[in-house]
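See below for the structure under consideration.
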Amino acid sequence: MYRVVVAGSGIALPERVVTNTELSQKVDTSDDWITERTGIRQRHVAAEGEYTSDLAARAGTAALEDAGLTPDDIDLIIVATATPDLTFPATAAIVQQKMGVRQGAAFDLQAVCTGFVYALSTAEKFLACGQHRNALVIGAETFSRILDWEDRRTCVLFGDGAGAFVLQAQTAEEAGDRGVLASHLRCDGRMVDLLYVDGGPSTTGTAGHLRMEGNKVFREAVGRISAAMVETMKEANLPFSDVDWFVPHQANQRIIGGVVKKLDLNIDKVVSTIAHHGNTSAASIPLAFHAARQDGRIKKDDLVLIEGMGGGLTWGAALFRF
Ligand code: UT7
């Protein structure tokens, strides 16, 4: 078995920024309500003709450069997305083409806002057994395309963007202490109706719009996320006090605060980018991780715990030494 190391990261954000004030001119909301209830101040929105695959390929290319690799080195691409370019082929196949990767496997993974945790955990298994050597794990979304822009309960929450990790299979000597140490994935399909998109190829034949019973999802969030984090630390046999950085899915600052309180975590170790990006679903964790690397907080050898929860409901956590 190989150790699976995070060898690089990269991000891509659309140029256009939409502030809360701009949104308040379109729907009955206010900067105060959005900021107080969620922590969101702005979000990025993709331009016409800018697709999930474009953001994913940009983030993937940046992550490759960061890892010092080329497209020839990549033999697995997993794109976590709930907003694929097309019903098929997989956005990962389009990303492979756009990035100039000519070998290996590529597929999409759909776990909505938990997508990046699911994809990281999945890729880790492919690499640990030696079947693949270098994987690109990308969370990429254009939620602006599935929002009902007249529904103030949902349209203020989400944004577009992409983030990517390069994962590399290394021997124990190469990896040292680094690598993915544990992950814990869950789903409870009894709650599909709390957060879903009301369209699809097999039902309406349309893409549909996002529908959410926000306060019910909120009530489920803190307990489930905390439990997944506890299970992950237990599996790694490490205490929370060893974790250098918590990088949560960025859905709501109050959910993040609730988890911090429940698990008695140090808020100074929690990375939050929700004010700048809003909820970018599968992209939010790698976007936040990369931001904390860029500003010098997350460094090589730091112990990082990521977590997410989203439609399904799905939820999970993963621990790695960077
Ligand atoms: O990432 C995937 C997982 N998703 C989540 O984790 C999201 C979880 N849910 C949440 O983050 C929160 O529930 C929301 C931010 C969506 C909503 O916050 P809340 O404190 O749960 O508010 P609420 O839904 O209970 O609504 C409170 C009030 C309602 O008015 P009334 O019925 O009390 O008169 C809403 O109509 O706020 C109203 N409201 C708004 N007002 C101004 C809802 N959206 C808005 C808005 N602007 N944008």
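Just so it is clear, none of the values below were taken in a lab; they were calculated from the coordinates. Remember, predicted model here, so these are calculated numbers, not experimental data. Please note: Cβ atoms are built from the backbone with ideal geometry, for glycine as well, and neighbour counts cover all protein chains shown.
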task = Over the alpha-carbon set of the range 3-175, work out the extent along each principal axis and list the three values in angstrom, largest first.
result = 56, 30, 25
request  = Once you have a ≥ b ≥ c as the square roots of the Cα gyration tensor eigenvalues for the range 255-322, tell me rounded if a/c is under 1.5, and otherwise prolate or oblate according to whether a/b is larger than b/c.
outcome  = rounded
ask   = So how far apart, in nm, are the two label points at Asp295 and Glu213 if each is 7 Å from Cα heading toward Cβ?
value = 3.6 nm
task = Of the DSSP beta bridges with both residues in the range 3-175, give the percent that are antiparallel, rounding to the nearest 5.
result = 70 percent
ask   = Among the trypsin sites (Lys or Arg not before Pro) within the range 1-109, which fall in a DSSP loop and have no more than 15 other Cβ atoms within 10 Å of their own Cβ?
value = Arg16, Lys26, Arg102
note = Rounded to the nearest 5, the percent of DSSP beta bridges in the chain running antiparallel is 70 percent
task = Please report, in debye to the nearest 20, how large the charge dipole of the range 179-321 is about its Cα centre when each Lys and Arg carries +1 at its beta carbon and each Asp and Glu carries -1 there.
result = 120 debye
request  = Considering the options Val112, Leu147, Ala57, tell which one lies farthest towards the positive end of the dipole of the chain, charges being +1 on Lys and Arg and -1 on Asp and Glu at the Cβ, about the Cα centre.
outcome  = Val112
message = Please give the charge dipole size of the range 266-307, origin at the Cα centre, charges +1 on K and R Cβ atoms and -1 on D and E Cβ atoms. Round to the nearest 20 debye.
response = 100 debye
query = With a sphere of radius 12 Å drawn around the Cβ of Ala56, what net charge do the other residues whose Cβ falls strictly inside it have (Lys, Arg +1; Asp, Glu -1)?
reply = -4
request  = Could you list the GluC sites (Glu not before Pro) in the range 210-242 that lie in coil according to DSSP, counting only those with at most 15 other Cβ atoms within 10 Å of their Cβ?
outcome  = Glu213
task = Restricting things to alpha carbons, tell me how big the chain is in terms of Rg and Dmax, in Å.
result = 18.3, 58
query = Which value at 222 nm does the chain reach when only helices count, each DSSP H run of 4 or more adding -39,500 (n - 2.57), with the total divided by all residues and rounded to the nearest 500 deg cm²/dmol?
reply = -10000 deg cm²/dmol
note = Cβ density ranking, 10 Å radius, fewest first, applied to Ser241, Ser281 yields Ser241, Ser281
ask   = So, in Å, what gap is there between the alpha-carbon centers of the range 182-224 and the range 4-36?
value = 21 Å
inquiry  = Under the 0.36 nm per residue contour assumption, what length would be gained going from the current alpha-carbon distance of Lys26 and Ala105 to full extension?
reply    = 24.1 nm
inquiry  = Net charge around Glu231, counting only other residues with Cβ within less than 13 Å of its Cβ (Lys, Arg = +1; Asp, Glu = -1)?
reply    = +1
ask   = How would you rank Cys155, Cys113, Cys187, going from fewest to most other Cβ atoms within 10 Å of each one's own Cβ?
value = Cys187, Cys155, Cys113
request  = Calculate, for Cys129 and Ile267, the FRET efficiency according to 1/(1 + (r/R0)^6) with r their C-beta to C-beta distance and R0 41 Å; round to the nearest 0.05.
outcome  = 0.60
query = Exposure proxy check: Thr91, Thr280, Thr21 ranked by fewest other beta carbons within 10 Å?
reply = Thr21, Thr91, Thr280
message = Excluding same-chain pairs closer than 8 in sequence, count the lysine pairs in the range 196-322 whose Cα atoms lie under 20 Å apart.
response = 8
task = Place a +1 charge on the Cβ of each Lys and Arg in the range 229-312 and a -1 charge on the Cβ of each Asp and Glu, then give the dipole magnitude about the Cα centre in debye, rounded to the nearest 20.
result = 220 debye
